[in-house]
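Following: one structure in structure tokens, then a few remarks.
The values are calculated or read from the model by the stated rules, or taken from the named source; none is laboratory data. Note that the structure is predicted; figures quoted are calculated from it, not measured. We place every Cβ from the backbone using ideal geometry, glycine too, and count neighbours over all the protein chains shown. Accessible surface is based on the protein model in full, side chains and every heavy atom, while ligands, DNA and RNA are left aside. Shrake-Rupley method; radii C 1.70, N 1.55, O 1.52, S 1.80 Å.
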Amino acid sequence: MASDKVVETVIVGSYVEMETEGKPKDVKTKLSNFFWHGGSVYDAWFSCASNQVAQVLLTLPYSFSQLGMLSGILFQLFYGLLGSWTAYLISVLYVEYRTRKEREKVDFRNHVIQWFEVLDGLLGKHWRNVGLAFNCTFLLFGSVIQLIACASNIYYINDNLDKRTWTYIFGACCATTVFIPSFHNYRIWSFLGLIMTTYTAWYLTIASLLHGQVEGVKHSGPTKLVLYFTGSTNILYTFGGHAVTVEIMHAMWKPQKFKAIYLLATLYVLTLTLPSASAVYWAFGDMLLNHSNAFALLPRSPFRDMAVILMLIHQFITFGFACTPLYFVWEKAIGMHECKSLCKRAAARLPVVVPIWFLAIIFPFFGPINSAVGSLLVSFTVYIIPAMAHIFTFKSAAARENAVEQPPKYMGRWVGAYTMNVFVVVWVLVVGFGFGGWASVTNFVHQIDTFGLFTKCYQCPPPPLPPTPRLDLNATAPSPVHYHPHP
């Protein structure tokens, strides 16, 4: 039985290798495979690391101003570990589901498995419906946030157009992601995306240190509970980027090797987020409370312009990461998922982009929207639901005994895994969703009251006042006009 289990888990995800095995490969095919078709462990690591930290890199200094330096660092480390654990749970549940289905001779050759299908196969339709609702809503607003970030960033290079107009433009640009078939095809984009975020993070760090502290800088955070929990939920959102874990795993040739990939990606991401957020907060302090985008406070230079351009390209990539699972759901809903024609699938995907475009124009609150999405959606999508799903999937002794993936020994096997899962559920439900939801929604409503919906240019500096006419005291007043009425 044990040997059968090993064999069955090894063949999981080997379809791409099986299909290409024995076929002659010319230079064009080799180049296409090198740039376009990724399914290795390295591809998965690049995808996880690139997708995990995007525009949020620019809002973490804003969170530090709300939390204070010490709390900001501790929350990053804490939620980084918590996110790595729940990403591991998702990978375990995926391998369990796929192995069970392949024992039933189900063929996934032309089908991309998604998180809601894993929940359906393991726990039933009610879990599927809840998982689908949270996952799709989170990815929808995740795409909205990338679009808002594009408009926010480009404004610091070219302010001739307001941010709403830039949102129109980048919405059209991001719509071209409908032509990327699946996560297999993000190989070169993931690699480039990680280089772009690495450059931006170290630019923020070095530029802030060279700039030095502004005159009279204050580091008064935390000052209010609302701001404190708003900042913490933005960090919860930062390390909750594993809503696309199942799709990334499905793109792998050997998905059972995913187990530690997200943890390794998180460790690398921490080398970017901790120095950059700490340095910017050290330099500008409480000024960040009114500037949610770190680019707003750094002086313009060729290095800053390069960072802005690279982040724009990276946000295009991250938009595709967040939107591709939505494309899959929509294709399955209208019966186009197994269509061979790329152009037909691309045309069918376009309606998904329209509501994203519209929501980005309604709520252009770069920074506060991250915290709201983190507390209300990320908390359930990638923390609470995976932990509870793992508990209920393996609640019986038979399920635990026959599990494809046993919990690691250093975690205390099943007792340790259950203890950790209960802690994740309670902590995120109380602190992330409860206090975080109250704080982030309060802050979000405050942004609406201050700037209004459909605001044309969120947090833009006011236009310069026209010069006042100079009053000449020596000028002679014109003589009055005398009116002589007729007698």
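Run the helix sum for the chain: -39,500 (n - 2.57) per DSSP H stretch of 4+ residues, divided by residue count, reported at 222 nm to the nearest 500 deg cm²/dmol. Show your work: numbers first, answer last.
On the way: 20 runs with 310 residues, N = 487.
One gets -21000 deg cm²/dmol as the mean residue ellipticity at 222 nm.
Skip the ligands, DNA and RNA, and give the accessible area per residue of the chain with a 1.4 Å probe, whole Å².
Values: 22040 Å² over 487 residues.
I get 45 Å² per residue for this part.
Could you look at the stretch 86-214 and say what percent of its accessible area is carbon and sulfur, using a 1.4 Å probe and all protein chains?
Details: 3070 of 4860 Å².
Heavy-atom surface of the stretch 86-214 belonging to carbon and sulfur, 1.4 Å probe: 63 percent.
Got a sec? Charge dipole of the chain, +1 on Cβ for Lys and Arg, -1 for Asp and Glu; which of Y94, F239, T177 is way out at the positive end?
Of the candidates, Y94 comes out farthest on the positive side.
Under a point-charge model restricted to the Cβ atoms of Lys and Arg (+1) and Asp and Glu (-1), what is the dipole moment magnitude of the chain relative to its Cα centre, in debye to the nearest 20? Intermediate results must be reported in sequence, preceding the final value.
Numbers: 34 positive and 25 negative charges, 130 e Å.
Roughly 620 debye, rounded to the nearest 20.
Within 10 Å, count the other beta carbons around each residue, average over each peptide in 291-297, 73-79, and list them highest first. Please list the in-between numbers first.
Working: 291-297: 21.6, 73-79: 18.4.
Final packing ranking: 291-297, 73-79.
Please work through the chain and write down the cysteines that have no neighbouring cysteine Cβ at a distance under 4.7 Å.
Taking the Cβ cut-off of 4.7 Å, the unpaired cysteines of the chain are C48, C136, C150, C173, C174, C323, C339, C343.
Could you point to the residue in Y268, Y168, V373 farthest towards the positive end of the stretch 39-451's charge dipole, with +1 and -1 charges on the Cβ of Lys/Arg and Asp/Glu respectively?
Result: Y268, furthest along the dipole toward the positive end.
Can you tell me the length gained on complete extension of the stretch S40 to N290, counting 0.36 nm per residue apart and subtracting the Cα distance? Mind showing how you got there, number by number?
Details: separation 250, 0.36 × 250 = 90.00 nm, distance 4.28 nm.
The S40-N290 span can extend by a further 85.7 nm.
Between I313 and H219, what is the FRET efficiency for a Förster distance of 41 Å, r being their Cβ-Cβ separation, to the nearest 0.05? Display every interim value, and only then the final one.
Values: r = 33 Å, r/R0 = 0.81.
That gives a FRET efficiency of 0.80.
Among I195, V426, N293, which residue has its Cα positioned farthest towards the positive end of the charge dipole of the stretch 39-451, with +1 placed on the Cβ of Lys and Arg, -1 on the Cβ of Asp and Glu, and the dipole taken about the Cα centre?
V426
Go through 306-319, 343-356 and give me the packing order, highest mean Cβ count within 10 Å leading. Don't skip to the answer; put the middle values down first.
Working: 306-319: 22.4, 343-356: 16.2.
The densest-packed peptide leads the list: 306-319, 343-356.
Grab the beta carbon distance between I157 and I206, set R0 = 22 Å, and tell me the FRET efficiency rounded to 0.05.
So the FRET efficiency works out to roughly 0.65.
Please sort by residue number the trypsin sites (Lys or Arg not before Pro) in the stretch 230-304 whose DSSP state is loop and whose Cβ has at most 13 other Cβ atoms within 10 Å.
Numbers: sites: K257, K259, R300, R304; in loops: K259, R300.
Qualifying residues, ordered by number: R300.
If you average the C-alpha positions of the stretch 218-265 and of the stretch 117-164 separately, how far apart do those two centres end up, in angstrom?
Answer, in whole Å: 14.
As an exercise, use a Förster radius of 30 Å and the Cβ-Cβ distance of A172 and I334 to find the FRET efficiency, rounded to the nearest 0.05.
Numbers: r = 23 Å, r/R0 = 0.76.
Rounded to the nearest 0.05, the efficiency is 0.85.
Stretched out fully, how many nm does the piece from S341 to Y268 gain, at 0.36 nm a residue minus the Cα gap?
Values: separation 73, 0.36 × 73 = 26.28 nm, distance 3.79 nm.
22.5 nm is the gain from fully extending S341 to Y268.
Which Rg and Dmax, in Å, describe the Cα atoms of the stretch 98-233?
Cα radius of gyration and Dmax of the stretch 98-233 are 21.7, 69 Å respectively.
Using the alpha carbons of the stretch 211-317, what is the convex hull volume per residue in cubic angstrom, as a whole number?
On the way: hull volume 14.6 nm³, N = 107.
Taking only Cα atoms, the stretch 211-317 has a hull volume of 137 Å³ per residue.
If packing is taken as the average count of other Cβ atoms within 10 Å, what order do 208-214, 232-238 fall into, highest mean first?
On the way: 208-214: 14.0, 232-238: 30.0.
Going from most to least packed, we get 232-238, 208-214.
Along Cα→Cβ, 7 Å out, is where each label goes; now give me the distance between the ones at W414 and L192 in nm to one decimal.
Going from the W414 label point to the L192 one covers 4.9 nm.
Given K125/K257; K259/K409; K257/K409; K254/K332; K101/K125, which pairs have Cα atoms separated by over 21 Å? Walk me through the intermediate numbers first.
Numbers: K125/K257 28 Å; K259/K409 14 Å; K257/K409 17 Å; K254/K332 25 Å; K101/K125 16 Å.
Violating the 21 Å Cα-Cα cut-off are K125/K257; K254/K332.
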